[in-house]
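The structure appears below as C-alpha cells.
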Amino acid sequence: MTRGDLALAVALVAAAPGCLVYSQTRIGAPPPEHPEGHLEPGKTTRREVLARLGPPDRIVRQHDGALWQYIQGVGNAFRLRVEFPFVLTYPYFHYDDESVRFRVLTVLLDGQNVVQGFGTSGEE
C-alpha cells in the first residue's frame, strides 16, 4: 500500500458517518480496599460492621451465624459503527465489546454476632 492509498483510506473512513459509544454502569458501593482496617476477627461486632460498612447487599443465614456480602459490579460497553450510506445499505464496520467486573467482600458472623473472618474476591 502506497502513501496515497493510505491517505485515501483514511479520508474515506474520516468522511464516513459513524457512531462511537462508550458507557460504564456501576451497581453497588465499592467494598473497602483494605477491610482489615475496618474488621477484626473475634472483636468486631455486627453493629460495628453496620456502622462502618452499612447494610450488606446479600445475607446468607447459616445454622450458627451468617455471611454478609458487600458487592460492587462495574459494566463497560464500547460500540463502534462505521457506515457508508451512499454505497452500502448496511453498516460497513461494526464492533461491540462488553465486560463486567465484580468485587465482593464476604464477612462471616458467628451466632453471637461477632466477626469470625472475612475475605475479598474479584478485580481491584
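Summary table below
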| read-out | value |
| --- | --- |
| Within segment 93-124, tally of residues that are exposed (fewer than 14 other Cβ atoms within 10 Å of the Cβ) and of a type in the set (Phe, Trp, Tyr) | 2 |
| Members of segment 58-90 that are modelled with pLDDT under 90 and basic (Lys, Arg) | 79, 81 |
| Total residues in segment 45-75, condition part of a helix (DSSP H, G or I), of a type outside the set (A, V, I, L, M) and exposed (fewer than 12 other Cβ atoms within 10 Å of the Cβ) | 1 |
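The values are calculated or read from the model by the stated rules, or taken from the named source; none is laboratory data. Quick caveat, the model's predicted, so the values are computed rather than measured. Positions of Cβ are backbone-derived with ideal geometry, glycine not excepted, and every protein chain shown enters the neighbour counts.
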